[in-house]
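Q: The structure is given below, and queries will be raised subsequently.
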Amino acid sequence: MNDRTALAERFEADRSHLKAVAYRMLGSAAEAEDAVQESWLRAAEADVSEVRNLTGWLTTVVGRVCLNMLRSRRTRREDPLDAYDRTPGPGEGDDPEQEALLADSVGVALLVVLDKLAPAERLAFVLHDMFAVPFAEIGPLLDRSPDTARQLASRARRRVKGGGASPSGADPLRRRQVVEAFLSASRGGDFDALVALLHPDVVLHADRSVIPSPEPVMVRGAETVARGAMAATGRALFTGVALVDGAVALAMAPQGRLRVVLGFTLVDGLISGIDVVADPDRLDAFEIGVLDD
């Protein structure tokens, strides 16, 4: 068996692992597939006769390709903010539901934080913290020393944890349970479950960018708010529980790009207020963190 045959067999055996690395680096299933294909083209032309750990070597090849792709993103795609209630279109995955499930498996909040990191921070964190690649191998990918790579990963780790903040407010566990139940009922189209989570006098505020509309929108009453949640089922895609400015909230982020935040006020364990934010300036100001399991 020659080196190229061994490499091809190893690559196919590691394809799912390599796609997992690329997805966490890029936040897009389609881009991750492109990165894996580009990695094979590069790997196939390399001399691997002295490579002892082909899986580890292929992981660094994918990492370098993804790093270049991240650095080449000159501007972020600006989708219409009525994305709050829509099905993702071309470029956001061939199968939006499958892509949403993939986002769920990684964590929407984590994808949001990763999207905000500098490319070097993202590479160092993803490869080391998520795939156990040594800093001695990460440093050369970044043209940095291993110690610098370690510092980049540490900086990213603090961002992922929301600056080290813990969920704030009274009974954060109950708050998380209610927010998760709200998302589950919205996704499942369970009207009765939604109404049961809402205070009878609940008020929902949505800024002008959510619809969009000339003026902010206000909706009052449990059944009215629940009907609105049922009608806006598109928002449940690419939505997950996140720590937003220290409070448990929901973040909608196709491909890790934050588009909508739902903040909640609770009274006696029921949702008494929902603040729906889609204004880009307000979204940029939020500190997003990942809740511990």
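A short reminder: the numbers here are calculations on the coordinates, not readings from a lab. This structure is a prediction, so every number in the text was calculated from the model and none was measured. Here the Cβ positions follow ideal geometry from the backbone for every residue, glycine too, while neighbour counts run over all protein chains shown.
Q: Using the count of nearby Cβ atoms within 10 Å as a rough guide to exposure, how do ASP14, ASP281, ASP104 rank from fewest to most? Before the final figure, lay out the partial values.
A: Values: ASP14 19, ASP281 8, ASP104 14.
If I rank by nearby Cβ atoms, fewest first, I get ASP281, ASP104, ASP14.
Q: Relative to the longest principal axis of the C-alpha atoms of the chain, give the angle of the C-alpha long axis of helix 54-71, reported between 0 and 90° and rounded to the nearest 10°.
A: It works out to around 60 degrees.
Q: May I pose another question? May I ask you to sort GLU287, GLU12 by Cβ crowding, counting other Cβ atoms within 10 Å and putting the fewest first?
A: Ascending Cβ contact count within 10 Å gives the list GLU12, GLU287.
Q: Only counting other Cβ atoms within 10 Å, I'd like GLU97, GLU50, GLU121 sorted with the fewest neighbours first.
A: GLU50, GLU97, GLU121
Q: Separate question: Only Lys, Arg, Asp and Glu count, each charged at its Cβ (+1, +1, -1, -1), so figure out the dipole size of the chain about its Cα centre, rounded to 20 debye. Could you put the intermediate results ahead of the total?
A: Working: 34 positive and 44 negative charges, 152 e Å.
Dipole of the chain, to the nearest 20 debye: 720 debye.
Q: Per DSSP H run of at least 4 residues, take -39500 (n - 2.57); add these up for the chain, divide by its residues and hand me the 222 nm value, nearest 500 deg cm²/dmol.
A: Mean residue ellipticity, 222 nm, calculated: -15500 deg cm²/dmol.
Q: If you average 1/r over every pair of different alpha-carbon atoms in the chain and take one over that average, what Kirkwood value in Å do you get? Please list the in-between numbers first.
A: On the way: mean 1/r = 0.0489 Å⁻¹.
When all Cα pairs of the chain are included, the Kirkwood radius is 20.4 Å.
Q: Here is a follow-up. Given CYS66, ALA251, ALA100, which one lies farthest toward the positive end of the charge dipole of the chain, if we put +1 on the Cβ of every Lys and Arg and -1 on the Cβ of every Asp and Glu?
A: Checking the options against the dipole of the chain, the answer is CYS66.
Q: Here is a further query. Taking +1 at the Cβ of each Lys and Arg and -1 at the Cβ of each Asp and Glu, which of ILE138, VAL160, PRO172 sits farthest along the dipole of the chain towards its positive end, judged by Cα position relative to the Cα centre?
A: ILE138
Q: Separation between the ARG220 and SER184 pseudo-spin-labels, each 7 Å from Cα along Cα→Cβ, expressed in nm?
A: 3.2 nm
Q: Based on the Cα gyration tensor of segment 172-289, what are the three equivalent ellipsoid semi-axes, each the root of five times an eigenvalue, rounded to whole Å and given largest first?
A: Working: eigenvalues 79, 54, 38 Å².
In descending order, the three semi-axes are 20, 16, 14 Å.
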